[in-house]
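Peer 1: Below: one structure in structure tokens.
The values are calculated or read from the model by the stated rules, or taken from the named source; none is laboratory data. Bear in mind that the values here come from a model prediction, so they are computed numbers and not experimental data. Every residue, glycine as well, gets a Cβ built from its backbone with ideal geometry; the counts of neighbours run over all protein chains shown.
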Amino acid sequence: MDIQTFLWMTFGIFVTMATFSFLYKDNPFYKFAEHLVVGVSAGYFVIILWHNTLVPNLFQKLQDGDWYMFWLNSSNPWYVIPAILGVLMWTRFSKKYSWISRWPMALYIGLSTGIAIPLEMSNRVNKQLYAMMSSIDWSNFFGSEGFDLLSTTSGFAQLIVFV
Amino acid sequence: MSEKVNIFDRMMRIDRRWIFLFLIVVCVITYTIPFTIPIYPVPEVKSIYNFLDSLPEDDIVLVAIDYDPNNLAELHPMTYAVVEHLWRKKVKVIFTSLSQNGPGMADQAIRDISDSLKLDRTYNGVEFKGREIVNGVDYCFLGYKPYYALIILGMGQDFRLHFPNDYYGTPLDDLPMMQGVINYDQVDCVVDLSGGNITDAWISYGQGRFNFPLMLGLTGVMTAQYYPFLGSGQVKGIMGGLLGAAQYEELADNPGRAKDGMRIQLFAHYVIILFIVLGNIGFFMTTRSKKEGGA
């Protein structure tokens, strides 16, 4: 085992023990581990967003344009639109201009809703209802050979569930 | 004058730290004693195993490693068991990791399983020769992208839409196994190993929209929530928690971390049940003695 692996593993064990020390009671070691996790997670997510979203989906798309032309002369000028909408989100931090952030927010919510509602209805409501109702045997309810109380019982119960 | 404390009062007032300590001691002792417990696979795990076992060579399975390190103990054994099973059968695997802290674990699992595949092994009486697992030939690791619902929808159009390059920076078009693989149409099934809401997105935006066979590996506490999808046929099978992973290992004849962990979990559960029983006995006996004292 090289020294780097040894040090990282030792540190990992220390942080794990510090986290579990909360089971005894709150203490500075636990606080250290807690803040470390929150800080590292936030920092990691920012870097991931930057490299996986902003760089490939925005900067690389607009890189052949010129900044003094607002990148409108690039091969993908329409990518400027989501960039502007994204920047407008930050107006929430201004009391005076926070209303502007409603526009990108409205678009975002509208798009998300449009995507989510049909699929959620289909998969969480319709398919579940269909699965419940597919076992209804209508011939059992009406009776294939006339009315029979015993054979109608299960069909009747299914009809109640259906209704 | 001090209040008289009887045994039942003591049972009600056991300090939680004694319980934690007792649990740790039991787990450590159980870990050091080698023994096995019988595992009986349930139909929902068998259906996953049977489906994956029936896949011919060179078919493609998408394995979504959608969990963070906090679910590692339960879900990592599933990854090891499922992926080793697929690679032994020479089925190709596309990995994604739509959980923020997942890619590092996924990368580690891929390396570990690749090493394991170098050895000759016999599973269920079938001898598998060791072989080298090659990135781009046997697997493709797409990595992580934020906003999992959009990514799942986007992969239904084209994997290259959100993942022009794989996790290691190689363009997907340069990977031999990705030639002609456009979207879910070229994938035989999706196995989602998840410890959170990403499973909902795979059901609604993945299986519901693109209609591929979906199998789930979930943490123990999540499992009950997804049984309705098994009943409706939206999900082909469910592996629930460490027990689900152990059942898969049992079916694959590849005992690993899950079967090893089951014996510890068994005795940890015994300890918890013991303290629940003690607490309840203490509660009912003190309530009874108070009633009798008051009467």
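Peer 1: For residue A:87, state whether it is part of a helix (DSSP H, G or I) and over 18 Å from residue A:49 (Cβ atoms).
Peer 2: So residue A:87 does not fit the description; no.
Peer 1: Taking residue B:217 as meeting all but one of (1) surrounded by fewer than 19 Cβ atoms within 10 Å (Cβ to Cβ); (2) small (Gly, Ala, Ser); (3) modelled with pLDDT of 95 or more, write down the number of the exception.
Peer 2: For residue B:217, the failing item is (1).
Peer 1: Being part of a helix (DSSP H, G or I) and among the aromatic types (Phe, Trp, Tyr) is the filter here; which residues of segment A:1-25 pass it?
Peer 2: A:6, A:8, A:11, A:14, A:20, A:22
Peer 1: Looking for something in a helix (DSSP H, G or I), away from every other protein chain (no Cβ under 14 Å) and over 26 Å from residue B:87 (Cβ atoms) - is there at least one such residue anywhere in segment B:200-212? Show your work before the answer.
Peer 2: Going through segment B:200-212, the residues in a helix (DSSP H, G or I) turn out to be B:200-210.
Then drop every residue that is not away from every other protein chain (no Cβ under 14 Å), which leaves none.
No: zero hits.
Peer 1: Determine which single condition residue B:165 fails, assuming it passes every other condition in (1) closer than 20 Å to residue B:92 by Cβ; (2) more than 10 Å from chain A (Cβ to nearest Cβ).
Peer 2: Going through (1) closer than 20 Å to residue B:92 by Cβ; (2) more than 10 Å from chain A (Cβ to nearest Cβ) one by one, residue B:165 breaks only (2).
Peer 1: Is there a residue being part of a helix (DSSP H, G or I), within 23 Å of residue B:29 (Cβ to Cβ) and of a type in the set (S, T, N, Q) anywhere in segment B:282-294? Explain how you work it out, then say what you get.
Peer 2: Just the residues of segment B:282-294 that are part of a helix (DSSP H, G or I), to begin with: B:282-294.
Those still in the list that are within 23 Å of residue B:29 (Cβ to Cβ) too: none.
No: zero hits.
Peer 1: Within segment B:113-150, track down each residue that is surrounded by 16 or more Cβ atoms within 10 Å (Cβ to Cβ) and at the interface with chain A (Cβ under 10 Å from one of its Cβ atoms).
Peer 2: Passing the criteria: B:143, B:144, B:145, B:149, B:150.
Peer 1: Count, please, the residues in segment A:24-59 that happen to be surrounded by 14 or more Cβ atoms within 10 Å (Cβ to Cβ) and in contact with a Lys or Arg (Cβ under 7 Å, 6 or more places away or on another chain).
Peer 2: Of the residues in segment A:24-59, 1 are surrounded by 14 or more Cβ atoms within 10 Å (Cβ to Cβ) and in contact with a Lys or Arg (Cβ under 7 Å, 6 or more places away or on another chain).
Let's see how each residue does on (1) in the same structural domain as residue B:151 (by TED's automatic domain parsing); (2) aromatic (Phe, Trp, Tyr); (3) in contact with a Gly (Cβ under 8 Å, 6 or more places away or on another chain):
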| site | (1), (2), (3) |
| --- | --- |
| B:201 | yes, no, no |
| B:213 | yes, no, no |
| B:220 | yes, no, yes |
| B:233 | yes, no, no |
| B:237 | yes, no, no |
| B:247 | yes, no, no |
| B:270 | no, yes, no |
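Peer 1: Would you mention how many residues in segment B:1-48 are β-branched (Val, Ile, Thr), exposed (fewer than 14 other Cβ atoms within 10 Å of the Cβ) and away from chain A (no Cβ under 14 Å)?
Peer 2: So the count comes out to 7.
Peer 1: Here are B:141, B:163: which of them is aromatic (Phe, Trp, Tyr), in the same structural domain as residue B:88 (by TED's automatic domain parsing) and at pLDDT 95 or above?
Peer 2: Exactly one of B:141, B:163 is aromatic (Phe, Trp, Tyr), in the same structural domain as residue B:88 (by TED's automatic domain parsing) and at pLDDT 95 or above, namely B:141.
Peer 1: Keeping to segment A:92-129, report how many residues are more than 14 Å from every other protein chain (Cβ to nearest Cβ) and touching a Leu at 6+ places or on another chain (Cβ under 8 Å).
Peer 2: 5
Peer 1: For residue B:271, which of the numbered conditions (1) more than 14 Å from every other protein chain (Cβ to nearest Cβ); (2) part of a loop (DSSP other than H, G, I, E, B); (3) farther than 21 Å from residue B:76 by Cβ fails to hold?
Peer 2: The one condition residue B:271 does not meet is (2).
Peer 1: Can you report the number of residues in segment B:101-112 which are touching a helix residue (DSSP H, G or I) at 6+ places or on another chain (Cβ under 8 Å), within 14 Å of another protein chain (Cβ to nearest Cβ) and not aliphatic (A, V, I, L, M)?
Peer 2: 1
Peer 1: Let me ask something else. Within segment A:60-75, which residues are surrounded by 14 or more Cβ atoms within 10 Å (Cβ to Cβ) and within 14 Å of chain B (Cβ to nearest Cβ)?
Peer 2: A:61
Peer 1: Working only within segment B:169-181, note down all residues that are in a loop (DSSP other than H, G, I, E, B), away from chain A (no Cβ under 14 Å) and surrounded by fewer than 12 Cβ atoms within 10 Å (Cβ to Cβ). Give the derivation first.
Peer 2: First, the residues of segment B:169-181 that are in a loop (DSSP other than H, G, I, E, B): B:169-170, B:175, B:179-181.
From what is left, the residues that are away from chain A (no Cβ under 14 Å) are B:170, B:175, B:179-181.
Result: B:179, B:180.
Peer 1: I'd like to check something: does segment B:222-239 contain any residue that is of a type in the set (Val, Ile, Thr) and in a helix (DSSP H, G or I)? Break it down stepwise before answering.
Peer 2: Kept after step one, since they are of a type in the set (Val, Ile, Thr), are these residues of segment B:222-239: B:223, B:235, B:238.
Filter once more, so that each one left must be in a helix (DSSP H, G or I): B:223.
So far as segment B:222-239 goes, yes, one or more of its residues are of a type in the set (Val, Ile, Thr) and in a helix (DSSP H, G or I).
Peer 1: Could you tell me which residue of segment B:224-242 is nearest to the other protein chains (Cβ to nearest Cβ), considering only residues that are small (Gly, Ala, Ser) and within 14 Å of the chain's Cα centre (by Cα)?
Peer 2: Start the filter on segment B:224-242 by keeping residues that are small (Gly, Ala, Ser), which leaves B:224, B:231-233, B:237, B:240-241.
Subsequent filtering for residues that are within 14 Å of the chain's Cα centre (by Cα) retains B:237, B:240-241.
Details: B:237: 16, B:240: 20, B:241: 21 Å.
Selected residue: B:237.
Peer 1: For segment B:52-83, give me each residue that is farther than 14 Å from residue B:190 by Cβ and either free of Cβ contacts under 8 Å to residues at least 24 places away in the same chain or over 14 Å from the mean Cα position of the chain (by Cα) (or both).
Peer 2: Hits for segment B:52-83 are B:53, B:54, B:56, B:57, B:58.
Peer 1: Report whether or not residue B:190 is in a loop (DSSP other than H, G, I, E, B), of a type in the set (A, V, I, L, M, F, W, C) and closer than 20 Å to residue B:51 by Cα.
Peer 2: Here the answer is no, as residue B:190 does not meet what is asked.
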